[in-house]
Structure formats: structure tokens, C-alpha cells
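A.B. asks: Before anything else, here's the structure in question.
The values are calculated or read from the model by the stated rules, or taken from the named source; none is laboratory data. Everything quoted here is computed from the prediction, not taken from an experiment. Cβ placement follows ideal geometry from the backbone for every residue including glycine, while neighbour counts extend to all protein chains displayed. SASA here: full protein model, heavy atoms, side chains in, ligands and nucleic acids out. Shrake-Rupley method; radii C 1.70, N 1.55, O 1.52, S 1.80 Å.
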Amino acid sequence: MKWLRRPSWFALLLTVAGALLFIRLGVWQLHRADEKEQILRRYATAETAAPRDFAAVASNPPVDAFPRIRVEGEYRTDRLYLLDNPKHDQRGGVEVYAPFRLRSGDHLLLVDLGFLPGNGTDQAPQLPPLPTGVQTLQGLYVPAPGVGFEMGGNALARQTQWPKTTVYLELPQVAADLGTALYPQVLILDAEPSSIYVREHTIDFSAMPPARHRAYAFQWFTFAVAAVVILLVLHRRRPSRSDKP
């Protein structure tokens, strides 16, 4: 190409590395958008699904669906866990979890009772008493909330009074704290108008919806194109005097 000067190896490698990095970031953003859309579709499908036999999904839950289940058993009313400050309310609040002993089976099922809004202070909201005796519960059998970046070690082991508060929920730590095995996922209860708890059968992606991931992907792809264009512009051969008429 007569109009292009030969670029140095450094410029060429820098451009290729930058373009590949931008493309990789763009593809990653597209994958994140697809993952979130799949999660939202699973929740939407589960909303109208008929309850399934819990024994069929208890230890090996499906990876491509959130099964709706119905179980019978009793709450461990003296053992509650508070997931501190979930993103449901700008005032803060807690997501409340209670162990549930099924009428059959030797594992405990951790039940997500729902979200209680905070009161603008550092104190946990007042918890209503749990019902006693045999209860029939229905809801979605889903993975526990993500652990995220852990700091400070196991907070549950350092607490001696109930309810216990944590900023992340890791089922193996809860099982060790209870001294018994837990099922690998949690039950989030169906919404109930008379309940004080706020129950949502979805994940709040409002801060980063799938559309925003795709917008970022377009931005990264644009950066990749811009890197190549900059290389071409900087190495464009300027016409010499002999080339002029």
C-alpha cells in the first residue's frame, strides 16, 4: 500500500494488543448481558410453574431453572440469620433467613423469609415471631446470594447471640454454625399480602441491566476500531513534492 508507511513492530504490537483487549472486554460484556437475561427468564418462567416434588431437586437442583417447591416441616425459631443491607431500600434493611426442618430428611433447608426495611439507624429492624408447629411452605428453590469479596473471616463464628448478622451468606458457614448439614440451595417464599416481609422473586439488575452491558460492549468494540484507525492515520504516507503535479 503506497499510501501507508510501514509501522514499527512496537506500534503494530501495541495496536494489536490493545484491539484484542478491547474486543475481549466487549465480548465479556455481551456474555454478562446474556447471563442476566437468562436469569430473568428463569425467574419469569418459575412464577407460573406448578410446585415440584422437593425430593427430586433437593440435592441436585437443575442448573437451567429455578424450581417451585412445596415443603412441610417446622422452623428453628431460635436460629435466625440477618443478611445486612441488601439493595431493596435506600434506608437499608436486612434479608431474614431461618432454618427449616423438613418432616422427612436429615438436612435443614434455609428459608429466605424476605426483606425488612431499615429505620435509618444502625439497629436491625424488629423481627416478628416465627410461627410454631408444622408449616407448609411454597416458593422457589434458588442458589444462595453470592458471597462476593469476604473481609474479616467468618462473622457468624464470632457471635454468641441470635439473630446473627452477616454481610454475606455462605451456606457452609451457616451449616457449621448450626452443626448440621444444609441443602445446597435456599427457599425464597412466595409473596404474601399479609406478610410484613418484602418478597421479590427476581434479582435487581436496575443498576446494571442487560442493555447497559450491551452499550458498554459497543463502546469497547468502538475502542478497538479506533485503535486500528489511529495506527493507520499516524502511518499514512504524506505525498512528497515529486508526487505533486
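A.B. asks: Limited to the stretch 23-61, what total is found for residues that are open to solvent by less than 70 Å² (accessible area, probe 1.4 Å) and acidic (Asp, Glu)?
C.D. replies: 2
A.B. asks: May I ask you to list the residues in the stretch 62-83 that are in a strand (DSSP E or B) and surrounded by fewer than 18 Cβ atoms within 10 Å (Cβ to Cβ)? Show your work before the answer.
C.D. replies: The initial filter retains those residues of the stretch 62-83 that are in a strand (DSSP E or B), namely 68-75, 81-83.
Result: Arg70, Glu72, Glu74.
A.B. asks: Now for a separate question. Please go through the stretch 71-85 and give me each residue that is of a type outside the set (A, V, I, L, M, F, W, C) and within 24 Å of the chain's Cα centre (by Cα), ordered by number.
C.D. replies: Result: Tyr81, Asp84, Asn85.
A.B. asks: List every residue pair whose Cβ atoms lie under 8 Å apart, where the two residues are 6 or more positions apart in sequence or sit on different chains, the first residue falls within the stretch 10-25 and is under 13 Å from Val229 (Cα atoms) and of a type in the set (A, V, I, L, M, F, W, C), and the second residue, located anywhere, is open to solvent by less than 60 Å² (accessible area, probe 1.4 Å) and part of a helix (DSSP H, G or I).
C.D. replies: Qualifying pairs under 8 Å: Ala11/Leu231; Leu12/Leu231; Ala19/Ala224; Ala19/Ala227.
A.B. asks: Moving to a separate point now. Every residue in the stretch 1-53 that is touching a strand residue (DSSP E or B) at 6+ places or on another chain (Cβ under 6 Å) and at pLDDT below 80, please. Walk me through how you get there before you give the answer.
C.D. replies: Just the residues of the stretch 1-53 that are touching a strand residue (DSSP E or B) at 6+ places or on another chain (Cβ under 6 Å), to begin with: 46, 49, 51-52.
If the condition is that a residue be touching a strand residue (DSSP E or B) at 6+ places or on another chain (Cβ under 6 Å) and at pLDDT below 80, then Ala46, Ala49 are the ones that fit.
A.B. asks: Farther than 24 Å from Val167 by Cβ, in a loop (DSSP other than H, G, I, E, B) and of a type in the set (Phe, Trp, Tyr) - does that describe any residue in the stretch 28-47?
C.D. replies: Scanning the stretch 28-47, I find no residue that is farther than 24 Å from Val167 by Cβ, in a loop (DSSP other than H, G, I, E, B) and of a type in the set (Phe, Trp, Tyr), so the answer is no.
A.B. asks: Next question, about the same structure. When the stretch 88-108 is examined, which residues are found to be modelled with pLDDT of 85 or more and either closer than 15 Å to Asp78 by Cα or assigned to a loop (DSSP other than H, G, I, E, B) (or both)?
C.D. replies: Val96, Tyr97, Ala98, Pro99, Phe100, Arg101, His107, Leu108, listed by residue number.
A.B. asks: Could you check Arg236 against (1) farther than 30 Å from Glu72 by Cα; (2) at pLDDT 90 or above and say which number it fails?
C.D. replies: (2)
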